[in-house]
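Laboratory data are not the source of any read-out in this text; all were calculated from the coordinates shown. Fair warning: this is a prediction, and the values are worked out from it, not measured in the lab. Cβ placement follows ideal geometry from the backbone for every residue including glycine, while neighbour counts extend to all protein chains displayed.
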């Protein structure tokens, strides 16, 4: 993890909270649900999740009051194996995601859509490729399994998400709170904070101390938002 962190552009520390502790956690953090904004998250994959098996994630989002956006992500990834030209792009990011019990390094090519198109692609035959820029599509083609074209993927979603950021006085980092609501009633509450790689261990220690002081349970079984979504929609 130390080696990956040194080669990354950023680190995101994550903690998921069980259903049992969700309400107490939100109360302890003083979260006002009216401060949250709504997102709809769509994933794109084959019926047998061939992209997921290859470590590729294709995703697009609609956000209340914000532009639509998309990302092509590869994980796990070895930063030293990436092209130097990619690393210089402002839309390309190498990040280590760390949570209790594990970590993974990913490379993401992000894009912001000039016009709202995600809903159109989800509900009509509007080409999925038009949600992604040329560099994103090239990154997809270089890493997706052979024979899989982006326009042939299935739309998996949406998952409705409530998101907000808070700035606790006792924590120098902003804390992001996301509640993912799946169609079957399953919910995942995730707390996260981002920082520079050089600050990762200090921020992790401070965040752990802060959450413990608020009485927030740190030992819950961790869940992954993306995998839960993919497996739910693919099964249907």
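Okay, here's what the table says:
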{"quantity": "In nm, spacing of pseudo-spin labels at residue 166 and residue 47 (7 Å Cα→C-beta vector)", "calculated": "4.4 nm"}
{"quantity": "Estimated FRET transfer efficiency (residue 212, residue 9; beta-carbon r; R0 41 Å; 0.05)", "calculated": "0.90"}
{"quantity": "Exposure proxy order (Cβ contacts within 10 Å, fewest to most) of 133, 212", "calculated": "212, 133"}
{"quantity": "GNM flexibility winner over the chain from 199, 97, 69 (Cα, springs under 10 Å)", "calculated": "199"}
{"quantity": "Mean Cβ count within 10 Å, highest first, over the residues of peptides 162-175, 118-131", "calculated": "118-131, 162-175"}
{"quantity": "For the stretch 2-234: relative contact order, % (alpha-carbon pairs under 8 angstrom, 6 or more apart)", "calculated": "30 percent"}
{"quantity": "Cα gyration tensor shape of the stretch 63-120, rounded if a/c is under 1.5, else prolate or oblate by comparing a/b with b/c", "calculated": "oblate"}
{"quantity": "Distance in nm between pseudo-label sites at residue 138 and residue 82 (7 Å out along the Cβ direction from Cα)", "calculated": "1.5 nm"}
{"quantity": "The chain: equivalent-ellipsoid semi-axes (sqrt of 5 x gyration tensor eigenvalues, Cα, Å)", "calculated": "29, 22, 16"}
{"quantity": "Simple spin-label estimate for residue 196 and residue 176 in nanometres, 7 Å along Cα-Cβ", "calculated": "1.9 nm"}
{"quantity": "FRET efficiency estimate (nearest 0.05) - Cβ-Cβ, residue 124 to residue 231, R0 30 angstrom", "calculated": "0.70"}
{"quantity": "Per-q log10 I(q)/I(0), the stretch 157-234, q = 0.12, 0.20 Å⁻¹ (Debye; single scatterer per alpha-carbon; no solvent)", "calculated": "-0.42, -0.97"}
{"quantity": "Degrees separating the helix 19-28 axis from the principal Cα axis of the chain, which is the longest one", "calculated": "60 degrees"}
{"quantity": "Cα long-axis angle, helix 225-234 against the chain (0 to 90 degrees, to the nearest 10)", "calculated": "40 degrees"}
{"quantity": "For the stretch 121-191 versus the stretch 57-74, the gap between their alpha-carbon centres in whole angstrom", "calculated": "5 Å"}
{"quantity": "Coarse-grained scattering of the stretch 1-93 at q = 0.10, 0.25 Å⁻¹, given as base-10 log I(q)/I(0) from a Debye sum over alpha-carbon atoms", "calculated": "-0.45, -1.24"}
{"quantity": "Nearest 10 degrees, 0 to 90: helix 134-143 Cα axis against the chain principal axis", "calculated": "90 degrees"}
{"quantity": "Top of 20, 190, 12 by mean-square fluctuation, Gaussian network on the chain, Cα under 10 Å", "calculated": "20"}
{"quantity": "Length gained when the stretch residue 66-residue 155 is fully extended (0.36 nm per residue, less Cα-Cα span)", "calculated": "29.9 nm"}
{"quantity": "Kirkwood Rh, Cα atoms: Rg over Rh of the stretch 106-236", "calculated": "1.03"}
